[in-house]
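**Q** There's a structure below that I have some questions on.
Any read-out appearing in this document is the output of simple, stated calculations on the displayed coordinates, not a laboratory observation. Small disclaimer: the values here were computed from a predicted structure and weren't measured. A quick note on method: Cβ atoms are made from the backbone with ideal geometry, for glycine too, and the neighbour counts reach across all protein chains shown.
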Amino acid sequence: MSSSKIYCIDTSSLIAAWQERYPIENFPVFWKKVDELISQSRLVAPTDVLHEITKKSAELQKWLKQRSQMFRELDDQTQIEAGNILQAFPRLVAEKKVRTSEDTFVIALARVGGLQIVTDEKPTGKQERPNIPDVCMALGLTPMRLLDLIKAEKWIVG
């Protein structure tokens with residue numbers, strides 16, 4: 001029996017799964033299980049994640065667009081939380097050209113909703129260049145990697 005945890009996933013995990021680790025043509029069971037989580041409203045992301053994916057993978061974007069119930073618009077409380085996070089960690093979005101506010105929104109959505117963050121970003125250990133795991137640790141949150149989600153849900157995908 002799997003948990004009933006709700007996961008908030010970021011772009012890095014979805015792109016890594018789609019392009020590198022679990023290509024849909026080789027791991028159809030994995031994507032069927034992702035689809036089940038989405039249909040159970042247990043895998044969510046801010047709408048900005050979908051916009052970010054559009055720049056990185058047309059195929060993944062098309063697959064996710066058919067599962068639009070996964071994506072959450074930011075309510076007022078989440079937007080306020082995102083502002084608080086950016087105030088505390090302005091470099092979360094400022095440093096890299098490829099970086100958008102998507103990271104901030106993933107953390108804010110998870111914090112407001114009490115959701116489990118899933119990210120495959122690695123911590124930098126630097127406040128001047130933080131990634132999602134760095135901010136999570138500073139806020140007392142414990143992010144998990146996609147592989148941790150697979151283990152927590154006890155998926156067999158091979």
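**Q** Looking at the range 1-127, what % of the alpha carbon pairs are farther apart than 25 Å?
**A** Counting every Cα pair in the range 1-127, those more than 25 Å apart make up 23 percent.
**Q** Report the local net charge at Leu115: Lys and Arg +1, Asp and Glu -1, summed over other residues whose C-beta lies under 11 Å from its C-beta.
**A** Result for the local shell: +4.
**Q** At 222 nm, what value in deg cm²/dmol follows for the chain if DSSP H runs of at least 4 each add -39500 (n - 2.57) and the sum is divided by all its residues, to the nearest 500?
**A** -13000 deg cm²/dmol
**Q** Something else now. If the limit is 25 Å between Cα atoms, which of Lys32/Lys56; Lys5/Lys56; Lys55/Lys122; Lys62/Lys122; Lys33/Lys62 go over it?
**A** Lys5/Lys56; Lys62/Lys122
**Q** Under unit Cβ charges (Lys, Arg +1; Asp, Glu -1), what dipole magnitude, rounded to 20 debye, does the chain have relative to its Cα centre?
**A** 320
**Q** For the chain, what's the relative contact order in percent, using C-alpha pairs closer than 8 Å and at least 6 residues apart?
**A** The normalised contact order for the chain reaches 29 percent.
**Q** Also: For the range 84-90, just list the computed ³J(HN,Hα) in residue order, Karplus coefficients 6.51, -1.76 and 1.60, θ = phi - 60°, integers in Hz, with x standing in for Gly and Pro.
**A** Once θ is set to phi - 60°, the couplings for the range 84-90 become 5, 5, 5, 5, 6, 10, x Hz.
**Q** Highest GNM mean-square fluctuation, the chain, Cα pairs closer than 10 Å: which of Glu128, Glu102, Glu52?
**A** Of Glu128, Glu102, Glu52, the Gaussian network model singles out Glu128 as fluctuating most.
**Q** Okay, moving on. Give the angle, between 0 and 90 degrees and rounded to the nearest 10, that separates the Cα long axis of helix 102-113 from the longest principal axis of the Cα atoms of the chain.
**A** Helix 102-113 and the main axis of the chain meet at about 80 degrees.
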